[in-house]
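Each remark here refers to the structure printed beneath this line.
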């Protein structure tokens, strides 16, 4: 049957599936409020919509690609928190692994306006550069601007983007002190020991993946999982022998969804010092 | 692909363990590829020279960053002027991004004023896989004894933005300058960045 499909038809399907690069993604600067209030924090977000077949990248793009480059210009007196990256998908290519987003992604930044707002509006802008890839990669650039009226301390005025912000907030990595991690440097790599909280279903760790914040250090594709008495350990090799391990292991432990969580995306941030393997040292230094 | 080249590649396959990419400090595996002018180029013919292998895809934005402002051509000119053999390799498969026929290649290379020793067409990806070329650009430096002394990124700025070229730590020039001065390469390996090779 497969052989009888005319080539022309296949081509039509291919073209229908992948939007041309010029219109494959668009970005906008949005806020979760209609009006900003003196000293009251709100959220700004860069929303990137992607056509089917295209993806853009996480803070660590993985083996290829580029993280979004967002250059923010905030009005004087505003302070802003770090850019928050939603939990990415792991995208496996032939011999490469990348981390990113399809369809839609919202990068959120919490902004606190000054205690005294001058003028009637505040103008926020972002010079955005991001890379989108399908089979090929195309750089995208945009200068995004958002003017919001200055309030005088009235009650909140949620914007129509509220639901988008809320659903993205549910997809942010969630620091959970019930999880405990330890990273130990080993010959040629490191081991991440994971102690899950009681009640974490036994099989989820078997299907977990660790993705590092820093690219080019760990060969995460060759992670070896091992069940331990109290949890799991993930052994990862360095990407190449002379790669230098950082002082801290930072990244995300991606967990498969649990039944009650219809959101489907779960990730626990990992940020622990990488300690030397004391047992090995003791052996080496011993009598 | 002619019979001679096929034999050469089969010999290579026999010599190198399957899936094992050459490690820094080991001999760089030999290969035979046609260049865009139809000549047959064998790596071993450049024995005694310092060699650069540059994986490319003219349509990849990371490659464009290095070519559009003339930076890559300048490097090719500078180092071939110092006796280095610079081989630019395309492993794009037929129908994939960066694949062109030899005539188109000749026109593009001329328009770009490419100054490498030769541009090689690795259409079946055999040499790309042999070296474990993952991205464009992905760079390899081989010393005059045929030992691989650097592999990885061209520089430390994994970006498509031309503005990042100025302050980048340029791993390949550092490796070449060290090798030409008879010194050890300080950073012999880095993780490459760019577009995936379009095998």
Taking segment A:109-131 and keeping residues buried (at least 22 other Cβ atoms within 10 Å of the Cβ) and under 15 Å from the mean Cα position of the chain (by Cα) leaves A:130, A:131
Tally time: how many residues in segment B:137-171 are facing chain A (nearest Cβ under 9 Å), buried (at least 24 other Cβ atoms within 10 Å of the Cβ) and touching a residue at least 60 places away in the same chain (Cβ under 8 Å)?
-> 2
Picked from segment B:73-96 (must be closer than 19 Å to residue B:135 by Cα and free of Cβ contacts under 8 Å to residues at least 40 places away in the same chain), the residue nearest to the other protein chains (Cβ to nearest Cβ) is B:95
Looking for whichever is modelled with pLDDT of 95 or more, surrounded by fewer than 24 Cβ atoms within 10 Å (Cβ to Cβ) and either in contact with a helix residue (DSSP H, G or I) (Cβ under 7 Å, 6 or more places away or on another chain) or within 14 Å of another protein chain (Cβ to nearest Cβ) (or both) here; the options are B:184, B:133. Which one fits?
-> B:184
Report yes if some residue within segment A:61-69 is away from chain B (no Cβ under 13 Å) and out of contact with any helix residue (DSSP H, G or I) (no Cβ under 9 Å at 6 or more places or on another chain); otherwise report no.
-> no
Does segment A:28-55 hold any residues that are under 17 Å from the mean Cα position of the chain (by Cα) and more than 19 Å from residue A:113 (Cβ to Cβ), and which are they?
-> A:47, A:48, A:49, A:50, A:54, A:55
Exclusive hit being free of Cβ contacts under 8 Å to residues at least 40 places away in the same chain and surrounded by 14 or more Cβ atoms within 10 Å (Cβ to Cβ), set A:196, A:177, A:173, A:149 | A:196
From A:219, A:235, A:185, A:164, residue being surrounded by 15 or more Cβ atoms within 10 Å (Cβ to Cβ), closer than 26 Å to residue A:66 by Cβ and in contact (Cβ under 8 Å) with a residue 40 or more places away in the chain | A:164
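Just to be sure before I move on: is residue A:97 under 30 Å from residue B:133 (Cα atoms), surrounded by fewer than 20 Cβ atoms within 10 Å (Cβ to Cβ), within 15 Å of the chain's Cα centre (by Cα) and within 14 Å of chain B (Cβ to nearest Cβ) in the structure I sent?
Numbers: under 30 Å from residue B:133 (Cα atoms): yes; surrounded by fewer than 20 Cβ atoms within 10 Å (Cβ to Cβ): yes; within 15 Å of the chain's Cα centre (by Cα): yes; within 14 Å of chain B (Cβ to nearest Cβ): yes.
Yes, satisfied.
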Go through B:62, B:99 for me and flag whichever is part of a helix (DSSP H, G or I), within 14 Å of chain A (Cβ to nearest Cβ) and either under 30 Å from residue A:141 (Cβ atoms) or over 15 Å from the mean Cα position of the chain (by Cα) (or both).
-> B:62
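The values are calculated or read from the model by the stated rules, or taken from the named source; none is laboratory data. These figures come from a predicted structure and were not determined experimentally. Counting neighbours? That spans all protein chains shown, and the Cβs are built from the backbone with ideal geometry, glycine included.
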